[in-house]
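One structure is given below, encoded as structure tokens.
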Amino acid sequence: MKQFTFTSQLAPIIWKYLESRQNEGYTSVHCGYYMQELDCLSKELSDAPVVTKELIDAWDLLKPYLSNRSKIVRHNAIRAFAKFAYTQDGISYVPDTSKLKNSSTFTPHIFTVEEIRRLLYAADNLPVRNNAPTRHLVIPAVIRLLYCCGFRIGEVLRLRVKDVDLDTGIITVHNGKGGKDRLVPVHNSVIEYLRSYSAQLPDEREWFFPSACGHYSIKTIYDNFRELLFACNIPHTGNGPRVHDFRHTFAVHTLEKQLSDGYDPMVIVPRLAAYLGHKSYRETCWYIHLTVASFPELSQKLDRAFVGIIPVGGETDEEN
């Protein structure tokens, strides 16, 4: 972050925001460039100490030559900053998500069981690297938590050793999406794997997934994820697969398994919502559409249970 200089009245909140992003495991360079641009724009306008509607509108009008998708990325990036600013000052303007509409509907990649098997095999056989001596241990463990527990990647990378109770099998997520904490019970097989993983690392470390600079970054995980996709002959396009698709896959596979086992959908979905850290089970209903798309034989059972309350279209928050 040292390469950036902010001189508008938004500078203090910008620095706080970048620090917050970094603490969540994101590399702040790309976001920093957005903030640098916003800082300059703010000075050209009213240079207010808060995010204003005027500033957001001016931001959205910049670079008209960009594709609609790129404009949406820029809008969402600045909206995330505005939401953070509002939590700090209570008056910053937060634009709604309907400001820009995507021309295409987002569909995540739901990994097949065979793809998961191949990815885990490739992760378990990563070679040791001198410049990343724990990589061959960290990557397989991270992927297991993403797929077997449906964690968000930032939640996994921010885990401290004290957050992972290897005796009770409970993982504590602090400051998840929306600033919420939650307790996540983990399957015995995953806990056994984490015990073996942890035994190979120093007991005195702070982070459960340590790196030379603190904890593993999202970019490092993404780079290794791309390497695994290549090793498994799983095509990667501009639409994914993405690391976050492990979370989507966990939700869909969990719904499929429990529905096939005869559990009541009206019981499964609220439980899954709590496990994933959703504010309400209605956020989880998006996964019902994905489950039907992957397992059409379950359509009738889900339709009977959720007729009238499953969202049929509109925008989705793919990062939920």
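Computed values, structure above
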item	result
Hits in the stretch 25-47 - residues which are surrounded by fewer than 16 Cβ atoms within 10 Å (Cβ to Cβ), in contact (Cβ under 8 Å) with a residue 24 or more places away in the chain and not in a helix (DSSP H, G or I)	T27, D47
Only one of V243, V269 that is among the β-branched types (V, I, T), modelled with pLDDT of 70 or more and touching a Cys at 6+ places or on another chain (Cβ under 8 Å)	V269
Pair list, Cβ < 8 Å and 6+ apart or interchain, from the stretch 90-116 residues that are among the acidic types (D, E) to residues that are modelled with pLDDT of 70 or more and in a loop (DSSP other than H, G, I, E, B)	E115/C232; E115/I234
Residue within the stretch 87-105 that is within 30 Å of S294 (Cβ to Cβ) and of a type in the set (F, W, Y) present	no
Within the stretch 213-258, tally of residues that are among the acidic types (D, E) and either within 18 Å of the chain's Cα centre (by Cα) or surrounded by 21 or more Cβ atoms within 10 Å (Cβ to Cβ) (or both)	2
Of residues in the stretch 1-24 being in a helix (DSSP H, G or I) and among the hydrophobic types (A, V, I, L, M, F, W, C), the one surrounded by the most Cβ atoms within 10 Å (Cβ to Cβ)	I14
In the stretch 79-137, the residues that are polar (S, T, N, Q) and either within 30 Å of S198 (Cα to Cα) or modelled with pLDDT of 95 or more (or both)	T112, N125, N130, N131, T134
Test: residue in the stretch 124-141 that is in contact (Cβ under 8 Å) with a residue 40 or more places away in the chain, touching a Pro at 6+ places or on another chain (Cβ under 6 Å) and either in a loop (DSSP other than H, G, I, E, B) or closer than 15 Å to P241 by Cα (or both)	no
Some residue of the stretch 236-249 being in a helix (DSSP H, G or I), in contact (Cβ under 8 Å) with a residue 12 or more places away in the chain and more than 25 Å from I143 (Cβ to Cβ)	no
Members of the stretch 198-210 found to be buried (at least 16 other Cβ atoms within 10 Å of the Cβ) and either within 14 Å of L159 (Cα to Cα) or not assigned by TED's automatic domain parsing to the domain that holds L120 (or both), listed by number	S198, W207, F208, F209, P210
Test: L194 is over 30 Å from V73 (Cα atoms), at pLDDT 90 or above, among the hydrophobic types (A, V, I, L, M, F, W, C) and not in a helix (DSSP H, G or I)	no
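The values are calculated or read from the model by the stated rules, or taken from the named source; none is laboratory data. Worth saying up front: this structure is predicted, and the values here are computed from it rather than measured. Glycine gets a Cβ as well: all are built from the backbone with ideal geometry, and neighbour counts include every protein chain shown.
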